[in-house]
Structures are given as structure tokens and as C-alpha cells.
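Below is one structure, written out as C-alpha cells; comments come after it.
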Amino acid sequence: MAQSDVAYQRCINPDCGAQFDCRESMFKCPKCGDLLDIQYNWEKVPVPKTLGEFGKRWANRNRRLDLSGVWRFRELLDFCPDESKITIGEGQTILQQNCAIAEHLGMKPDCLFLEYEGLNPSGSFKDNGMTAAFSHAAMVGAKSCACASTGNTSASVALYAHSCGLRCTVFIGTGRIAFGKLSQAMDYGAQTVQIHGDFDDCMRQVQAVCVELGLYLLNSLNPFRLEGQKTIMYRIIEGLGWQVPDWIVVPGGNLGNSSAFGKAFAELKALGLIDRVPRMAIVNATGADTLTDLVNNKKLVWNGGHVDQKIIDDYYADLTARHFSPHTCASAIEISRPVNLKKCLRAIDVCNGVVLAVTDEEICDAKALIGKHGLGCEPASAATIAGLKHLLAAGTIAKDERVACVLTGHALKDPNVTVNYHKERQGEFSNPPIEAPNDLQEIIKLIR
Ligand SMILES: [Zn+2]
């Protein structure tokens, strides 16, 4: 069956609703400028009757698409033929039940799960999206690509571009960028352009450059990326024995993940593959809390797609007037104009979601707590545990509800934050090295 019969792109603005073939590459609705979504004619897709059928593919790990934790679920993102699919073995992540952190937070011990996306080939969740976007790039015959990045995107883009022979340029700002991530982009052979500005400036420039030079854009504006990111939720459900948790907790930056997760659950529910949709909590850093402010204070809602654009425009105009630049140690979510804002509002609607912001101090303490008892993560990931603490205290999340926190990136992505926290005794869990003289007896005295 021709893929164009199965999937198509559609503008999320209900007053527009323009549709386009998946073999086109545009990333914004050419009619109204709104975001595009991938939609499926589900009756033409051979979706298994139960989610458990996907799990059986683990037995075929010698087949490249079954090895991938994204393409194992390929019928749920069926927008390109198998021969176009690019995979480097992404999505082989684990859902870790974490009793120690649950107990520390006062939860029932068996109720907390950490979805560890740091196990992806480039060390972050981004690989879930890139495998999908690069497959689309291959389908449309792209030769060169670009992205703007706070770090994780550039690392992932560079890795995939290099594995499928695309030329690759990444744009980074002069603001905060984690060294671990920057080192990856350079090591994987990407041309790295550092723009004098913050992430939002890079985002504007990269879009213009892609139009001007005909480059394939790999930011989360790219709707195909979000299709891949849906699979993070499938794997959480898989890790729970194909059961849906009560809550998903996710950091909020450009809002691609929360948008993808909401779409994943809406589709699974419509297909009858799950019987209920979990609630979702999206956690900003207080220094980059556009979503929190817009949703909690300005009461911005999805409203069936009729989002009040004036609230957003006024908010951004005010940011510009104040020369506001977001600021948080969690560089991955240091974003004040999230490109997927509207899709995220839809996800909040689907998942009866809540939004909150946590301080950098709370993020760093939570990061050290995860490091001590879990698998370790980058600062943005730890916003989930910091946020969960607030939501438990407020009674929004009950102590016996099953919660899955998405740890988006590996601890080694941002070693500077970790080293500074411990060496400079910045928080509750600081664990600095002990100075010792070069003397055996003195050293032995210190080890207790
Ligand atoms: Zn449109």
C-alpha cells in the first residue's frame, strides 16, 4: 500500500486543517503558519489488536527494525516505507522501579518508576525523534540538514547525520550549553555554528537558514520527530506489563515530549489499545517558566484548537520588551518561547495535565538524589523528581499512585553541574572528595 494512503500531514489549527502528503517537507503550515501534525488513516494500518504483540518482537533482535525500541512499534508511526527507515539501535531503554527515591519522597515504595532515556545511543531521548525524522529525510531525499540546539539535539542530529551520510550544521547559542553535549556534536563531525544569542535566537535563525538553503530542519517543530518520541510512552507501558501508570512526569523545555506523549495516549485510547489515559505533569525551571505562567496565571488552554493567540503574542512581546533571557542550570529546558506550545496545550487537555516550575536548587538536589539512588541523569531530567515532591506535598499526586518520571538525558551530558554541586557543597546531597596527605596511615584513618 502506498504510504500516502496511510499517513498525511495536517495543520493543527481547526480553522485551517490543511492537509499535505508525507513526502512533502515544510514543518509549518504554508497556509496559516501553525504547527503540523502527522495523522493516520488507521483503518488502513495493520495495528495489532493488543500492545503485547509488539513485545513479541524482542525475540527477533537480529532484525534491525525489531531491535529498535522505536520501530518495534512501527505500525503506530506508519508514515514511511521500511526501506527508508534509519535506525542506530535507539530506544533500548529501561523503566527502573525505584523504591529508595519513592521512600525518600514518602511514596509507597513500589509506586515510582524512572524511564531512563539516557541509555540511547547519543545519551538522550532525542534519538527516539531523530530516528523518525531522519527516516523522513531519507524518504524525501534530503542531502543536508540543520538544527538549533541547547545540546542534546545537536548530539543526536550529528550522530544520525553521520550514520546516514547527510551533511549537518548545528546552531548553538553563546548562552549555557553543556560541555558533554557540545563535545558530541564536534566529535560526530557536525559543522557547529555558535550564534551570539540565546536558544530562541538560534531557533529563529535556523528556520530562516533552512528555508534559504533548502536544508532539512530537525528541530522538534518537525512533526515526524514527535512521532518517534511517542514510543517513550509505549515503552513505559511495556515496562509496567502493558499497564498504564497513573501519572507521567516530564520536564518542559521546547515541549516536544509532552506534546508527543499526549498524542500517543490519545491515539492508543482511540485505537482501543489502552482503557484509560494517565495524567501528566510538566515541570519547568523557574528561570524558564513560560508554560507555567501561561497555563496557571494567564489561563491559556487548548479550547478545541482555538487557542487564544493574543495571550501568547502579548506574553512574548513582554519578554522582548524586558530583554528577557531564560536562565537555569538545566540547560536542556532553558527555553522561553517553546515551539510546541500549542501541541502541549492539547496534551494537557488529553491528559488532564498540570504544570509547575521548580528552582535550580531543587533541581540540583533532586539530581543528586537520583544519582545516589538511581541511574543518574542530567539536570533537566531531575526537574521531574523535584516537581513530583511538590505535587505529593500538594496532594495532587497521591502516595499510592503509580508515577513514571521521564529521565531525558544521561548524567555525563553535563558533568560541570555535577562536579560543582558536590565540590562546592551546594546542596543537601553534596559529596565532595576528601583531601588526604600522601601517607598510608593518614589515608586509612580517613576511610571509615
Ligand atoms: Zn494551517
In units of 2.2 N^0.38 Å, what is the alpha-carbon radius of gyration of segment 52-137? 1.30
Ordering of 288-301, 223-236 by burial proxy (mean other Cβ atoms within 10 Å per residue, highest first): 223-236, 288-301
When the Debye formula is applied to the Cα atoms of segment 1-110, each taken as the same point scatterer, what base-10 log of I(q)/I(0) results at q = 0.17 Å⁻¹? -0.91
If I model segment 198-311 as equal point scatterers sitting on the Cα atoms and use the Debye formula, what is log10 I(q)/I(0) at q = 0.09, 0.22 Å⁻¹? -0.32, -1.32
Cβ-defined net charge surrounding LEU446, 13 Å radius [Lys, Arg +1; Asp, Glu -1]: -1
Computed on Cα atoms, the radius of gyration and Dmax of the chain in angstrom are 21.4, 78
Dividing the Cα convex hull volume of segment 308-400 by residue count, how many Å³ per residue is that? 134
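Per residue of the chain, what 222 nm ellipticity follows from adding -39500 (n - 2.57) for every DSSP H run with n ≥ 4, rounded to the nearest 500?
After summing the helix terms and dividing by residue count, I get -11000 deg cm²/dmol.
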Residue-level accessible surface for PHE27, protein heavy atoms, 1.4 Å, Å²: 10
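Order the peptides 320-333, 381-394 from the highest to the lowest mean number of other Cβ atoms within 10 Å of their residues.
Output ranking for 320-333, 381-394: 381-394, 320-333.
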Classified through the alpha carbon gyration tensor (a ≥ b ≥ c as square roots of its eigenvalues; rounded if a/c is under 1.5, else prolate when a/b is larger than b/c, else oblate), segment 81-120 comes out prolate
Subset of LYS181/LYS298; LYS28/LYS269; LYS56/LYS263 violating a 30 Å alpha-carbon distance limit: LYS181/LYS298
Pairs beyond 21 Å (Cα-Cα), from LYS49/LYS230; LYS367/LYS445; LYS31/LYS299: LYS367/LYS445; LYS31/LYS299
Cβ under 10 Å from GLY106's Cβ, GLY106 left aside: what net charge do those residues give with Lys, Arg +1 and Asp, Glu -1? +2
Angle between the Cα long axis of helix 256-270 and the longest principal axis of the chain, 0 to 90 degrees, nearest 10? 60
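Using 0.36 nm per residue, how much length does the chain from ALA393 to GLN191 gain when fully extended, once their Cα-Cα distance is taken away? Numbers along the way, then the final one.
Working: separation 202, 0.36 × 202 = 72.72 nm, distance 4.63 nm.
Difference between extended and current length: 68.1 nm.
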Which whole-number percent is the relative contact order of segment 331-427 (Cα, under 8 Å, 6+ apart)? 26
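Express the relative contact order of the chain as a whole percentage, based on alpha carbon pairs under 8 Å and six or more residues apart in sequence.
16 percent.
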Quick check on segment 329-448: take the gyration tensor over C-alpha atoms, sort the square-rooted eigenvalues as a ≥ b ≥ c, and tell me if it's rounded (a/c under 1.5), prolate or oblate. prolate
Mean projected area in nm² (Cα convex hull; one quarter of hull surface) for segment 202-263: 4.9
Cα convex hull of segment 128-267, projected area averaged across orientations, nm²: 9.0
What are the extents of the Cα atoms of segment 191-231 along their three principal axes, in Å, largest first? 35, 23, 18
C-alpha long axis of helix 126-139 to longest principal axis of the chain, angle in °: 30
With angles folded into 0 to 90 degrees, how steeply does helix 379-393 sit against the dominant principal axis of the chain? Use alpha carbons for both and round to 10. 80
Calculated log₁₀ intensity ratio I(q)/I(0) where the Debye formula runs over C-alpha points of segment 25-179, q = 0.11, 0.12, 0.20 Å⁻¹: -0.57, -0.67, -1.32
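What ranking, highest mean first, results for peptides 399-407, 93-101 when packing means the other Cβ atoms within 10 Å averaged over each residue?
In descending order of packing, they fall as 399-407, 93-101.
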Histogram of C-alpha separations across segment 337-381, 5 Å bin width, %: 5, 18, 17, 15, 16, 19, 9, 0
In nm, to one decimal, how far is the modelled label at VAL419 from the one at LYS299, with both set 7 Å along Cα→Cβ? 5.0
Is segment 261-336 best put as rounded, prolate or oblate by its Cα gyration tensor, with a ≥ b ≥ c the root eigenvalues, rounded for a/c under 1.5, and otherwise prolate when a/b is larger than b/c, oblate when not? oblate
Taking the Cβ-Cβ separation of HIS306 and ARG448 as r and a Förster radius of 56 Å, what is the calculated FRET efficiency to the nearest 0.05? 0.30
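If you count only protein heavy atoms with a 1.4 Å probe, what accessible area per residue comes out for segment 137-198, rounded to a whole Å²? Could the numbers behind the result be given before it?
Details: 2450 Å² over 62 residues.
Roughly 39 Å² per residue, with all protein chains present.
The values are calculated or read from the model by the stated rules, or taken from the named source; none is laboratory data. In this text, all values refer to a predicted model and were calculated from it rather than measured experimentally. Counting neighbours? That spans all protein chains shown, and the Cβs are built from the backbone with ideal geometry, glycine included. With ligands, DNA and RNA removed, areas are computed over all heavy atoms of the protein, side chains included. Shrake-Rupley method; radii C 1.70, N 1.55, O 1.52, S 1.80 Å.
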